[in-house]
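Peer 1: Dumping the structure here so I can ask a few things about it.
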Amino acid sequence: MWNHTQMITSFVISAGLYAVLLYVFTLLPLTIIPGVTSARPANAIPPVMSLLFGPAAAWGTAVGNLIGFDILGGNLTIGSIGGFIGNLFLGYVPYKIWHRVFKEEPHLRTLSSFAKFELVIIVHAAAVALIIPLWVEALGFLPFTFLAFIIFFNELLAAGILGPIIMVLIFNRVKRAGYLWTDSMKEYEFVPKEVKSSHRLGASLLSIGAVVGLVVTIAVGLGLGQQLLSFTPAFGLTSAGLSILATGGVFLVIFFIGVALLR
């Protein structure tokens, strides 16, 4: 993408818009966990930008969060590494699943297009709600389960409610203007003519890794099945913490295998 001027412009737009909105909302009394997360209406932006701008939005979401929430918001810590990776996939999952698996454009003017949009919202919310809390758990900052619940519903509500409204208003305008990501990266299809079996498998594994992984890891965090996952405490972590990291780590491997198959 870095070889295309339009994609670089899209990256700047995605990063700038997300950073500004995140910073503005950090000035409001919306903090849930100081230095970690807050209510984020701006989370409606990443899936929309992702479907319009593709990889430019993935990088833009990661950089925008780093600038707007971590640096300008005064929340920059070692935990920001997990935030950068989590937000990268927040902007990656929607466009990648859509352009590999779904043959209908994300215009959201039909029930099927709307349902597909909400499906990718669930998957992308689960992905970030698995990645960031696992990193925070590994650092010993906060318990995985509490943060995973907050991040998942934070992402799901903002993107699932506000995202469709924004998409309906701007998708056709952006398409007519020739500013979709595949208008620059012409070697890619915005929607596939034929869906490859490897891409179906990749989307399935990515979704299982994110959604099922989040549910199962939260269950372990709540104490379900921990007797089957008993570890000797190490590296300052409790046995419960190691059980959570081991469980989440397995599903992250499944998730990244899915990412690799979707390439």
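The values are calculated or read from the model by the stated rules, or taken from the named source; none is laboratory data. A quick note: this is a predicted structure, and the numbers were derived from the prediction, not measured. All Cβ positions, glycine included, derive from the backbone under ideal geometry; neighbour counts span all protein chains shown.
Peer 1: Across the range 65-79, what is the number of residues that are in a helix (DSSP H, G or I) and either closer than 14 Å to Leu21 by Cβ or touching a residue at least 12 places away in the same chain (Cβ under 8 Å) (or both)?
Peer 2: Residues meeting the conditions: 6.
Peer 1: Continuing with the same structure: Looking only at the range 90-100, decide whether some residue is assigned to a helix (DSSP H, G or I), surrounded by fewer than 24 Cβ atoms within 10 Å (Cβ to Cβ) and of a type in the set (Lys, Arg).
Peer 2: Yes - at least one qualifying residue is present in the range 90-100.
Peer 1: If you scan the range 45-81, which residues turn out to be among the small types (Gly, Ala, Ser) and at pLDDT 95 or above?
Peer 2: Within the range 45-81, Ser50, Gly54, Ala56, Ala57, Ala58, Gly60, Ala62, Gly64 meet the criteria.
Peer 1: Within the range 142-165, can one find any residue that is within 21 Å of Ser243 (Cα to Cα), surrounded by fewer than 21 Cβ atoms within 10 Å (Cβ to Cβ) and not hydrophobic (A, V, I, L, M, F, W, C)?
Peer 2: Initial filter on the range 142-165 (within 21 Å of Ser243 (Cα to Cα)): 142-152.
Now narrow it down to the ones that are surrounded by fewer than 21 Cβ atoms within 10 Å (Cβ to Cβ): 142-143, 145-146, 149-150.
Filter once more, so that each one left must be not hydrophobic (A, V, I, L, M, F, W, C): 143, 145.
Looking for residues that are within 21 Å of Ser243 (Cα to Cα), surrounded by fewer than 21 Cβ atoms within 10 Å (Cβ to Cβ) and not hydrophobic (A, V, I, L, M, F, W, C), one finds at least one in the range 142-165, hence yes.
Peer 1: A further question follows. Here is a check on your reading of the model: is Glu104 surrounded by fewer than 24 Cβ atoms within 10 Å (Cβ to Cβ) and in a helix (DSSP H, G or I)? Give the steps one after another, and end with the answer.
Peer 2: Details: surrounded by fewer than 24 Cβ atoms within 10 Å (Cβ to Cβ): yes; in a helix (DSSP H, G or I): no.
No; evaluated as a whole, the condition is false for this residue.
Peer 1: Just the residues that are part of a helix (DSSP H, G or I), more than 14 Å from the chain's Cα centre (by Cα) and not hydrophobic (A, V, I, L, M, F, W, C), please, taken from the range 126-145.
Peer 2: The answer is Glu137, Thr145.
Peer 1: Quick test for you: out of Gly60, Gly54, Gly83, pick the one residue that is surrounded by 24 or more Cβ atoms within 10 Å (Cβ to Cβ), closer than 18 Å to Ala210 by Cβ and in contact (Cβ under 8 Å) with a residue 40 or more places away in the chain. Step through it out loud before you land on a result.
Peer 2: Working: Gly60 fails: closer than 18 Å to Ala210 by Cβ; Gly54 fails: closer than 18 Å to Ala210 by Cβ.
Within the list Gly60, Gly54, Gly83, the selection yields Gly83.
Peer 1: Still on this structure, I have one more. Taking the options Val216, Val168, name whichever one is in contact with a helix residue (DSSP H, G or I) (Cβ under 8 Å, 6 or more places away or on another chain) and in a helix (DSSP H, G or I). Show your work before the answer.
Peer 2: Details: Val168 fails: in contact with a helix residue (DSSP H, G or I) (Cβ under 8 Å, 6 or more places away or on another chain).
Of Val216, Val168, the one residue that is in contact with a helix residue (DSSP H, G or I) (Cβ under 8 Å, 6 or more places away or on another chain) and in a helix (DSSP H, G or I) is Val216.
Peer 1: Now for a different question. Given the structure, is Lys186 part of a loop (DSSP other than H, G, I, E, B) and of a type in the set (Lys, Arg)?
Peer 2: In short, yes.
Peer 1: Please enumerate the residues belonging to the range 173-197 that are touching a Lys or Arg at 6+ places or on another chain (Cβ under 9 Å), modelled with pLDDT of 95 or more and loosely packed, with under 14 Cβ neighbours inside 10 Å.
Peer 2: Result: Lys196, single match.
Peer 1: Does Leu206 satisfy the condition of being surrounded by fewer than 18 Cβ atoms within 10 Å (Cβ to Cβ), of a type outside the set (Gly, Ala, Ser) and part of a helix (DSSP H, G or I)? Before you say what the answer is, go through the steps one by one.
Peer 2: Working: surrounded by fewer than 18 Cβ atoms within 10 Å (Cβ to Cβ): no; of a type outside the set (Gly, Ala, Ser): yes; part of a helix (DSSP H, G or I): yes.
Considered against the rule, which asks whether it is surrounded by fewer than 18 Cβ atoms within 10 Å (Cβ to Cβ), of a type outside the set (Gly, Ala, Ser) and part of a helix (DSSP H, G or I), Leu206 comes out as no.
Peer 1: Can you confirm whether Ala148 is in contact (Cβ under 8 Å) with a residue 12 or more places away in the chain, closer than 23 Å to Ala219 by Cα, part of a helix (DSSP H, G or I) and over 11 Å from the mean Cα position of the chain (by Cα)?
Peer 2: On the way: in contact (Cβ under 8 Å) with a residue 12 or more places away in the chain: yes; closer than 23 Å to Ala219 by Cα: yes; part of a helix (DSSP H, G or I): yes; over 11 Å from the mean Cα position of the chain (by Cα): yes.
Considered against the rule, which asks whether it is in contact (Cβ under 8 Å) with a residue 12 or more places away in the chain, closer than 23 Å to Ala219 by Cα, part of a helix (DSSP H, G or I) and over 11 Å from the mean Cα position of the chain (by Cα), Ala148 comes out as yes.
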